Amino acid sequence: MLTIPVFIEMALVMLLGAVDTVMLSRYSDNSVAAVGLDNQIMSLIFLVYQFFSMGAAILCAMYIGAGLRRRLVQVVGMALVVNLILGLTVSILLFFYSELVLQLMGVRPELMGDALVYLRLTGALSFFQALSLTFSASLRSADKVIYPMVVTGIVNVINIIGNYALIFGHLGCPQLGVEGAAIATAASRAIATVLLAIIHFRVHIPRFPLSHFRPMPWKELRNLLFIGIPAMSENISYNLSQVVVTYFINQISNEALATRTYCHNMIMFVYLFCISITQGGDILVGHLVGQKRNQAAYVLGNYFYRWSLVITLTGSAILAFSGRGILNLFTDNEEIIMMGVWVLFIDWFLEIGRTTNIFAVGTLRATGDVIYPVVVGIIFNWTIAVGLSYFIGIPLGYGLIGMWIAFALDENIRGIVLLRRWRSGKWRTKSLVRDGK
């Protein structure tokens, strides 16, 4: 009941980004490469926004399990205010300094125009995503997963229509290309935020009484920081390492960057079930930990890990064998197609580790064990995912394919280490709910 709506919502969230890639592939491979690089940057920004929303989701699940309604309201209220301030700050910086960011990324001159337009427009309105993530996380923690799913579906339809009209100049609109994709995407995210806010106030927390914030609940802010900072740090470390890797890929060729963009948009639908079942399972794990039912949480975690592994690897195998046919739909560049086929086969081995990591990091975090995944992530992200991929891909000359082998090693080694942590049971002492208080 939790996983299927989350699965559909996550598929639609991924589709929101993939639609730009698919529709722009009819425009040019260079525009796909430019937007793919921008989306890597925006993914990192969105993880900064998830700082407080992820912490709020974990605390809300525990407080719901423990029956602590007042603390639930306090946590969500503080997360919304802080994320709004953070979102506005980042949006202003992205609007004025987009070109500097892209220069630091080493964007090629032929890609700079499209990349700048897309990043400046989507970045300037990205504060809507900061609020949207918080509303969505709060609703999910209360088992109200159907609402974010419906909103995301509506927004996808709006985005597709907007792209169709503004990229290609249909429905009486001007042909704007990449700028049109940026306008449609940014507007869709703004609409999603408004809809989620209305739903949140109607079905979950109707109001935030000032009496709940007098005196200021500093304890809840500390709890948000305790969970949010490590959660954000682990995700930022991973995504920042991917930004650096994208910089390396950009040095290889435009074809390598386009291949990475195409393959990434295909692969993310493969590990979608793992993400959705982990999010659904972690809501229940958080409830069980709040009720001090640690053994039940452990059994449930192992159950959804096994299923997510089986389904993800099956999907990855299907994608690998059908990769050439799918890539042919996007491009007729044979170099991109051949690189993409090899990447998709290597990725089957990568998904073993990625599935384990998504499960272990999310579930350990849901129990309150947030520090250990950060330390492990930072060590392996930067030594293997960045260091080894650079060495194999550029000095040794194996390019994107060699780099993908290094990515697979990073995911699998981290997965083994984090799975051992879960099975050790050390997370049982990390809950932030103590004696119902």
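If Ile371 passes every condition in (1) open to solvent by 50 Å² or more (accessible area, probe 1.4 Å); (2) of a type in the set (A, V, I, L, M); (3) modelled with pLDDT of 85 or more; (4) within 29 Å of Ser141 (Cα to Cα) but one, which one does it miss? Ile371 satisfies all of (1) open to solvent by 50 Å² or more (accessible area, probe 1.4 Å); (2) of a type in the set (A, V, I, L, M); (3) modelled with pLDDT of 85 or more; (4) within 29 Å of Ser141 (Cα to Cα) except (3). Leu364 falls short on exactly one of the conditions (1) crowded, with 18+ Cβ neighbours inside 10 Å; (2) out of contact with any Pro (no Cβ under 6 Å at 6 or more places or on another chain); (3) part of a helix (DSSP H, G or I); (4) not charged (D, E, K, R), and that condition is (2).
The residues of the range 49-91 that are farther than 14 Å from Ala142 by Cβ and out of contact with any helix residue (DSSP H, G or I) (no Cβ under 8 Å at 6 or more places or on another chain), listed by number, are Val81, Ile85, Thr89.
Would you check if there is a residue in the range 12-25 being over 24 Å from Ile146 (Cα atoms), open to solvent by 20 Å² or more (accessible area, probe 1.4 Å) and at pLDDT below 75? For the range 12-25, residues over 24 Å from Ile146 (Cα atoms), open to solvent by 20 Å² or more (accessible area, probe 1.4 Å) and at pLDDT below 75: present. The condition of being part of a helix (DSSP H, G or I) and either buried (at least 16 other Cβ atoms within 10 Å of the Cβ) or among the basic types (Lys, Arg) (or both) holds for only one of Leu88, Leu94, that being Leu94. Checking each residue in the range 381-400 for being over 16 Å from Thr246 (Cβ atoms), open to solvent by 80 Å² or more (accessible area, probe 1.4 Å) and touching a helix residue (DSSP H, G or I) at 6+ places or on another chain (Cβ under 6 Å) picks out only Tyr398.
Would you mind stating whether Trp382 is of a type in the set (Phe, Trp, Tyr) and closer than 30 Å to Leu288 by Cα?
Considered against the rule, which asks whether it is of a type in the set (Phe, Trp, Tyr) and closer than 30 Å to Leu288 by Cα, Trp382 comes out as no.
Within the range 64-84, restricting attention to residues that are more than 15 Å from Ser53 (Cα to Cα) and small (Gly, Ala, Ser), the residue that is surrounded by the fewest Cβ atoms within 10 Å (Cβ to Cβ) is Gly67. Taken as a whole, the range 167-186 holds no residue that is open to solvent by less than 50 Å² (accessible area, probe 1.4 Å) and of a type in the set (Asp, Glu). Residue count for the range 135-189 satisfying the condition of being in a loop (DSSP other than H, G, I, E, B), on the phi < 0 side of the Ramachandran plot and charged (D, E, K, R): 1. The set of residues from the range 320-335 being modelled with pLDDT of 90 or more and open to solvent by less than 30 Å² (accessible area, probe 1.4 Å) comprises just one member, Ala320. Look at (1) closer than 13 Å to Phe248 by Cβ; (2) touching a residue at least 40 places away in the same chain (Cβ under 8 Å); (3) surrounded by 20 or more Cβ atoms within 10 Å (Cβ to Cβ); (4) not β-branched (Val, Ile, Thr) and you find that Asn357 fails only one, number (1). Only one of the listed residues (Thr278, Thr246, Thr261) is of a type outside the set (D, E, K, R) and within 26 Å of Val145 (Cβ to Cβ). That residue is Thr278. Taking the range 209-309 and the helices (runs of 4 or more DSSP H) fully enclosed by it, the elements with 2 or more residues that are open to solvent by less than 40 Å² (accessible area, probe 1.4 Å) and touching an Asp or Glu at 6+ places or on another chain (Cβ under 6 Å) are at 254-267.
Flag not set for Ile4, criterion: part of a helix (DSSP H, G or I) and surrounded by 22 or more Cβ atoms within 10 Å (Cβ to Cβ). Of all the numbered requirements in (1) open to solvent by 50 Å² or more (accessible area, probe 1.4 Å); (2) within 21 Å of Leu257 (Cβ to Cβ); (3) modelled with pLDDT of 90 or more; (4) not small (Gly, Ala, Ser), Leu409 misses one, and that requirement is (2).
Residues that are modelled with pLDDT of 75 or more and within 29 Å of Gln251 (Cβ to Cβ) are absent from the range 65-87 altogether.
The values are calculated or read from the model by the stated rules, or taken from the named source; none is laboratory data. Being a predicted model, the structure only gives us computed values, none of them experimental. Cβ coordinates were reconstructed from backbone atoms using ideal geometry, including for glycine residues, and neighbour counts include every protein chain displayed. Keep in mind that these areas ignore ligands, DNA and RNA; they rest on the heavy atoms of the full protein, side chains included. Shrake-Rupley method; radii C 1.70, N 1.55, O 1.52, S 1.80 Å.
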